[in-house]
Amino acid sequence: MKNTQQITKAMKQVAAAKIRRADALRKQSRPYADALAQMLQDLLGAVGHVDHPFMKPGTAGTPAGIILMTADKGLAGAFNANLIRVGEVMLREDKNLRFYPVGNKARNAVRRLGQEAVRIWPLQSPDKLTAAHEIAVQVSDDFIAGRISSVQLISPKLVNMMSQRPETRQLLPVVAPEAPPSEGGPRNAVEFEPSPEAVLSHLLPKYLEFTLYAAMLETDAAFFAAQLVAMSNASDNAKKLIDVLTVQMNNARQASITKEILEIVGGAEALAG
């Protein structure tokens, strides 16, 4: 138990060190993601009609595409299981699904469910931006070719260090958001060159790619946060169990010593008698 406690303490320290870097990368990408989402919303509100495949409904009767994003490793409590459970529920409701697993745990879950993965991407890739680009190209090609009717992403959302909840988002087709009520007067007019339609056509693929990249960074940070909590609880439980086992060991040793003393005293009394 002491050896196990040393392992869990070491893993806790490793997770604490890695989560700082993962959370820093996640926060650094947030301003770009917010600006990109705001620009997309402005464009969707400014254009009348865009003849882009991402804006069109998917082919009816084709399976829905599911990007299931988990971690590559375990020992993080119910982190991976909660994400996989969302995919299982979706599969029970609709048997006609096409999975794109990201992460080794997602790969194993898809195989266990008897589904065939289109392609597999590890989460801990050397270049996450390149991996996000490959995923975006794969799902967009399948969507445009009519092999899938939509693309949905199952990934974790890091609420705080103690809470990480699964989140489902529809990536394709892109739905124009409803115009929010104006607050604080009219907004500044924005001009797009050569036209809003042309800018939007170039922005949609980049938006899909960066959404996946941000989700991979979020999954990284959420996994290390879950592992930090799990290893901290494991270390505390190991300490409690060590204390209980130490008391039992001392009681057993004391009973053994007392028994030996009684045998010696009994033998001495017998010789004296």
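Taken together, the values in this text are just the output of simple stated rules run on the coordinates, not laboratory data. Owing to the predicted nature of the structure, the values given are computational and were not obtained by experimental measurement. As a convention, Cβ positions derive from the backbone with ideal geometry for all residues, glycine included, and neighbour counts pool all protein chains shown.
Results, tabulated for the structure shown:
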item	result
Table column - 3J(HN,Hα) (Hz), segment 246-257, Karplus curve with 6.51, -1.76, 1.60, x for Gly and Pro	5, 5, 5, 5, 5, 5, 5, 5, 5, 5, 5, 5
Nonlocal amide H pairs with Leu171, under 5 Å, H built at 1.01 Å	Val151, Gln152, Leu153
Cut-off under 5 Å, modelled amide H: who pairs with Lys157 long-range	Arg165, Glu167
Residues Lys9 and Gln170, FRET efficiency given R0 of 45 Å [Cβ-Cβ distance, rounded to 0.05]	0.60
Ile261-Asn82 pseudo-label distance in nm [points 7 Å out on the Cα-to-Cβ vector]	5.4
Sorted by Cβ density within 10 Å, fewest first, the residues Lys240, Lys18	Lys240, Lys18
DSSP-loop trypsin sites (Lys or Arg not before Pro) across segment 83-144, with at most 16 other Cβ within 10 angstrom	Lys95, Arg119
Charge sum, other residues only, whose C-beta stays under 12 Å from Arg26's C-beta, Lys/Arg counted +1 and Asp/Glu -1	+3
Distance (nanometres) between label positions extended 7 Å along Cα→Cβ at Gln248 and Ser163	3.8
Antiparallel DSSP beta bridges within the chain, percent to nearest 5	45
Table column - 3J(HN,Hα) (Hz), segment 75-90, Karplus curve with 6.51, -1.76, 1.60, x for Gly and Pro	6, 9, x, 9, 4, 5, 4, 5, 5, 5, 5, 5, x, 5, 5, 5
Residues Met39, Met162, Met69 arranged by fewest to most Cβ contacts within 10 Å	Met162, Met39, Met69
For Phe54, Phe143, order by how many other beta-carbon atoms lie within 10 Å, fewest first	Phe54, Phe143
Rounded FRET efficiency, nearest 0.05, which uses the C-beta distance separating Asp94 from Gln38 and R0 of 30 Å	0.35
In sequence order, calculated HN-Hα J values of segment 117-128 (Karplus, 6.51, -1.76, 1.60; Hz; x Gly/Pro)	7, 5, 7, 10, 10, x, 6, 7, 8, x, 10, 5
Nitroxide proxy distance, nm - points 7 Å out along Cα→Cβ at Ala272 and Arg112	6.8
Cα centroid separation - segment 17-88 against segment 97-170, whole Å	9
Percent RCO, i.e. relative contact order, over the chain, from Cα pairs under 8 Å lying at least 6 residues apart	31
Acute angle (nearest 10 degrees) that the helix 2-46 long axis makes with the longest principal axis of the chain, alpha-carbon atoms	10
